[in-house]
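The block underneath contains the structure these notes are about, expressed in structure tokens.
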């Protein structure tokens, strides 16, 4: 089946270019957030009380549940507003980066316009719902 | 040219692009794996705290706590992170694109030892040692 060619994207600042840039910058932001988590954990006695796997879980998502099963004696310092903000930032960058990537992959193999538009809507909806659930989990744990 | 393509998934996988193509396809697989894992993990974290969903949450937990899934997901996360850093550096400093093959070599030099050690630890724990 022949499909209609897509129109060429416009030059300059437009949504696809901004998302291309966002993908790169959010990757760097996630690296920075992870490094913040690792350094803080090491300052809070992770070297004596945590395994490398636990440290990595914490650095991907600084949630007190990720410390509950380690030898850390007191997890009060691992809770609180600072870590919730870091966690929500991580969720925002990871969610937007990941679902935009998912959409990119889907669109590479789908050439029907209506299906592409439908998927854009679905992925956007998925992003909003998963972000809401994730923020709820972060704020209640 | 890219806008007129009509390439199926299997045809795309058969394309013989050597090293750069391999990193490209692994980057995509890794990204999809991470999306799958993070979505499951958020859902499980949410459900385990609800009175009506605890058992479903714990069931989803057992899926990704399995050591075979961990081998897969750690490959995805580590490869995507390291290859992503290479892409970011090459894209934000375009002059370095001249060295992209060396970049890929460097990337495997970083990836293989870290993943190898993790693989050893995961399999040893998985087999109960």
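To keep it simple, each residue is scored yes or no on (1) touching a helix residue (DSSP H, G or I) at 6+ places or on another chain (Cβ under 6 Å); (2) in a loop (DSSP other than H, G, I, E, B); (3) buried (at least 19 other Cβ atoms within 10 Å of the Cβ); (4) at pLDDT 85 or above.
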site	(1), (2), (3), (4)
A:1	no, yes, no, no
A:6	yes, yes, no, no
A:25	no, no, no, yes
A:58	yes, no, yes, yes
A:62	yes, yes, yes, yes
A:69	no, yes, no, no
A:82	no, no, no, yes
A:98	yes, no, yes, yes
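Quick one: is residue A:37 in a helix (DSSP H, G or I), crowded, with 19+ Cβ neighbours inside 10 Å, in contact with a helix residue (DSSP H, G or I) (Cβ under 6 Å, 6 or more places away or on another chain) and within 10 Å of chain B (Cβ to nearest Cβ)? Let's see the steps before the verdict.
Numbers: in a helix (DSSP H, G or I): yes; crowded, with 19+ Cβ neighbours inside 10 Å: yes; in contact with a helix residue (DSSP H, G or I) (Cβ under 6 Å, 6 or more places away or on another chain): yes; within 10 Å of chain B (Cβ to nearest Cβ): no.
The answer is no for residue A:37.
Would you point out the residue of region A:55-106, among those that are within 12 Å of chain B (Cβ to nearest Cβ) and without any contact (Cβ under 8 Å) to a residue 12 or more places away in the chain, that is nearest to residue A:39 (Cα to Cα)?
Here the residue is A:56.
Take the residues in region B:94-109 that are surrounded by 14 or more Cβ atoms within 10 Å (Cβ to Cβ) and without any contact (Cβ under 8 Å) to a residue 40 or more places away in the chain; name whichever of them is farthest from residue B:76 (Cα to Cα).
Top of the filtered list is B:96.
The values are calculated or read from the model by the stated rules, or taken from the named source; none is laboratory data. Just so it is clear, the model here is predicted, and its values are computed rather than measured. Cβ atoms come from the backbone with ideal geometry, glycine included; neighbour counts cover every protein chain shown.
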